[in-house]
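Okay, so here's the structure we're looking at.
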Amino acid sequence: MNNIQSYIKENKDRFLNELIELLKIPSISADSTYKNDVLKTAETIKTNLKKAGCDMVEICKTDGYPIVYGEKIIDKNLPTVLVYGHYDVQPPDPLNLWNSPPFEPVIKKTALHPEGAIFARGACDDKGQMYMHVKALEFMTSTDQLPCNVKFMIEGEEEVGSSNLAIFVKNNQEKLKNDVILISDTGMIAQDVPSITTGLRGLSYVEVEVTGPNRDLHSGLYGGAVANPINVLTKMIASFHDENNHITIPGFYDKVEELSKKERAEMSKAPFNLDSYKKALDINAVYGETGYTTNERNSIRPTLDVNGIWGGYTGEGAKTVIASKAFAKISMRLVPHQDWEEITQLFKNHFESIAPEGVTVKITPHHGGQGYVTPINSIGYQAASKAYQDTFGKTPIPQRSGGSIPIVSLFEQELKSKTILMGFGLDSDAIHSPNEHFGIFNYFKGIETIPLFYKYFTELSK
Ligand code: BES
Ligand code: MN
Ligand code: MN
C-alpha cells in the first residue's frame, strides 16, 4: 500500500502518545469503583474514531457498559469489514508485583522487545491491539486508500463475559451487517514467526461451595468424627483428573473432535522450543494429558482448572479449626462442538454425585461461551495471509489458541459471518498478569498489516 511506512514514521510519537493516554484510564469492568473511568474510556474512543475518519460514531447504551459504534460507508456495493475489540481491562492485582504502576504507562526494552514495549494494564489486551485498527483507519482515510466499508464495535464488558453485547448483536443485525469480522485480541508465535489464530476455546466457569457442620469446630474435639469440607473439596477436585490427566467427568469428551494424524502433523510444524518454554516459566517439566504435546494440550484439548480455592483459617500463625465451608472457582476450557451449557450441567451432575455423605454442595455457574474454529480457505483468511506475507515477508502459520473470546461464536450464529483473528501479542506479554506489556514493534506491525487486509479482502471479494 502506498506510503504506509512513511505515514507511520511521521506519526510515530503521536500514535504512541494516543495509546498511552488511553492506557492511563483504569477501565476495569469487573470493579464498579471504576465506573466513571470505564465510561470515560468509551467517550475517548468515540472521539478518536471520529478523528480517524468515521462518518458516524455513537455510544450505544446497554444494561451494562456501553458499546462504541462507528462506521464509514463509502459504497453500498463494496464489502464491509466489522472490527471488534474491547476497551475494558482486567483488574491489575496483585499490585505489589508490578514494577511500575499499571495505569502509568512506561516504555522499557525487554529481551523479546528490543525496540521497547509499553507496560500498562490493557497494553496488549486489548487497548493496544484495538487501537491499531483505529490508526490503520486513520491512515486509510487520510491518504484516500480505504477500499471498502468499515464498521467498528468496541465493547466494555469483554473481561466480564460480554452478556450485554450478545443482546446488542441480536437486536442490531441490520446495523452490524458485514462480510467479515476482524479482531486483534489474540497473539502470534514470535516476532519473526507471524501466525493467524484459527481457533479459540470455549469456556464454562463455575463456583462450588461445600458445607459440612453448621459452624466452625475445634479440630481436636470434632476432628476425625465429622466431614471436613476442605478435605472433602480437595479430594473431590483431585478426582477430576485420572493418572493420565484425563478429565473424569462422565460425558465430558463425548463431543470433542479428535484431529486427524495429518492435522496434528501440520500443527506440530509450528516452531516450538520446549526448553525455552520451561525456562521462561522456571519449571523443570511440563505437565498435562498423556498422549498430547504441549501445543495440543493448550489448544485442541479441553481442560479443567481450579482458579481459586479458599476456606478455613489462613491468617498468621496456627488455628486448630474445622471450617464449616470450603469454596473453589473452577474453569473448563472447551474445544469446538462441546456445548458450554451442556458441560456445565455435566459438571454439576458429577459434582453432586461424588459428594460424600456428611456434606452438602452448591454449584453456581458463572459465564461461559462456545469455542470457535475458522477455515483457512476463506477469502478473509487468504486476505490476512497475504497481508502478513507483505509485512513480515513470510506466510503466517495458522494456529489454534487456548484462550477464549466467547462472543465470536455468537457473531457467526447471529451475523452469519466468519471472524479473522489477527493477533499481534506474544504469549509472554503477561496479559491478565502483573507487568502486562505490548511491543512497539508489534503495535506498528499491526498498523502496517491491517490496511493490507482491507485491500486484499476487497480485491478477493470481487
Ligand atoms: N483477549 C483475551 C483472549 C485471548 C488472549 C485469546 C490471547 C487468545 C489469546 C480475552 O480478553 C480474554 O481474556 N478472555 C477470557 C474469557 C472471558 C470470558 C473473560 C479468557 O480467555 O480467559
Ligand atoms: Mn481481550
Ligand atoms: Mn482478557
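Readers should treat all values here as calculations from the given coordinates under stated rules, not as data from a laboratory. This is a predicted model, so every value here is computed, not measured. We place every Cβ from the backbone using ideal geometry, glycine too, and count neighbours over all the protein chains shown.
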Kindly provide log₁₀ I(q)/I(0) values, in the same order as q = 0.15 Å⁻¹, from the Debye equation applied to equal alpha-carbon scatterers of the range 135-199.
-0.75
Degrees, to the nearest 10: 35-51 long Cα axis against longest axis of the chain:
20 degrees
Could you compute the net charge surrounding I397? Neighbours are other residues with a C-beta less than 10 Å from the C-beta of I397; K and R count +1, D and E count -1.
+1
Quote the FRET efficiency, to the nearest 0.05, computed for A265 versus K24 with a Förster distance R0 of 45 Å and r equal to the Cβ-Cβ distance.
0.45
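With charges only on Cβ, +1 for K and R and -1 for D and E, what is the dipole size of the chain about its Cα centre, in debye, rounded to 20?
560 debye
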Place +1 on the Cβ of every Lys and Arg and -1 on the Cβ of every Asp and Glu in the chain, take the dipole about the Cα centre, and give the residue among V226, Y381, P92 whose Cα lies farthest towards its positive end.
Y381
Can you list residues whose amide H is under 5 Å from L182's amide H, if they're 5+ apart or on another chain and H is modeled 1.01 Å from N?
L82, V83, Y84, I420
In whole Hz, the Karplus estimates of ³J(HN,Hα) for the range 127-141 (6.51, -1.76, 1.60; θ = phi - 60°; x where Gly or Pro) are 4, x, 6, 5, 6, 4, 5, 5, 6, 5, 5, 4, 4, 5, 6
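Compute the Rg/Rh shape ratio of the range 91-232: radius of gyration over Kirkwood radius, all on alpha-carbon atoms. Don't skip to the answer; put the middle values down first.
Values: Rg = 23.8 Å, Rh = 20.7 Å.
With Rg and the Kirkwood Rh in hand, the quotient comes to 1.15.
Quote the FRET efficiency, to the nearest 0.05, computed for H241 versus K35 with a Förster distance R0 of 45 Å and r equal to the Cβ-Cβ distance.
On the way: r = 40 Å, r/R0 = 0.89.
The value I calculate is 0.65.
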Enumerate the lysines that K462 could reach by cross-link, defined here as Cα to Cα under 28 Å, with residues fewer than 8 away along the same chain left out.
K72, K76, K135, K151, K175, K177, K386, K394, K416, K418, K445
J(HN,Hα) series, the range 95-101, from Karplus relation 6.51 cos²θ - 1.76 cosθ + 1.60, nearest Hz, glycine and proline x
4, 5, 8, 7, 7, 9, x
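Once you keep just the Cα pairs under 8 angstrom separated by 6 or more residues, what percentage relative contact order results for the range 83-224? It would help to have the intermediate numbers written out before the result.
Numbers: 116 pairs, mean separation 40.2, N = 142.
In percent, rounded to a whole number, it is 28.
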Amide H neighbours of G288 under 5 Å, counting only residues 5+ apart in sequence or on other chains, H built in-plane at 1.01 Å?
none
Using the beta-carbon distance between H366 and I74 and R0 = 41 Å, what value does 1/(1 + (r/R0)^6) give for FRET efficiency, to the nearest 0.05?
0.45
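Shape call for the range 244-302 from the C-alpha gyration tensor, a ≥ b ≥ c root eigenvalues: rounded (a/c under 1.5), prolate (a/b greater than b/c) or oblate? Display every interim value, and only then the final one.
Numbers: a/c = 3.18, a/b = 1.36, b/c = 2.34.
Because a/c hits 1.5 or more and a/b fails to exceed b/c, the range 244-302 counts as oblate.
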Measure out, as a whole number of angstrom, how far apart the alpha-carbon centroids of the range 127-173 and the range 413-462 sit.
12 Å
Exposure proxy check: D63, D31 ranked by fewest other beta carbons within 10 Å?
D63, D31
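Relative contact order for the chain using alpha-carbon pairs under 8 Å, separation at least 6, rounded to a whole percent? Walk me through the intermediate numbers first.
On the way: 938 pairs, mean separation 117.3, N = 462.
In percent, rounded to a whole number, it is 25.
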Centre separation in Å (Cα based) which lies between the range 33-96 and the range 297-329:
37 Å
One computes Rg over Rh for the range 349-462 from alpha-carbon atoms, with the Kirkwood Rh, and obtains 1.15
Across 10 Å bins beginning at 0, the whole-percent shares of Cα-Cα pair distances in the chain come to 4, 19, 29, 26, 14, 6, 2, 0, 0
Could you name the aspartates and glutamates whose alpha carbon sits less than 16 Å from that of K109, not counting residues in the same chain fewer than 8 places away?
D429, E436
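Mind running the shape call on the range 40-129? Use the C-alpha gyration tensor, a ≥ b ≥ c as the square roots of the eigenvalues: rounded below 1.5 for a/c, prolate if a/b tops b/c, oblate otherwise. Mind showing how you got there, number by number?
Details: a/c = 2.93, a/b = 1.77, b/c = 1.66.
Note, shape of the range 40-129 comes out prolate.
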Using the Cα centre of the chain as origin and beta-carbon charges of +1 (Lys, Arg) and -1 (Asp, Glu), tell me which of I45, L182, N77 is placed farthest towards the positive end of the dipole.
N77
List, in order, the whole-Hz ³J(HN,Hα) value for each residue of the range 439-449 obtained from phi through the Karplus relation with A = 6.51, B = -1.76, C = 1.60 and θ = phi - 60°; use x for Gly and Pro.
x, 5, 4, 5, 4, 6, 5, x, 4, 6, 7
Taking amide H positions as placed 1.01 Å from N in the peptide plane, with prolines and chain starts having none, which residues 5 or more places from D339, or on another chain, fall under 5 Å of its amide H?
none
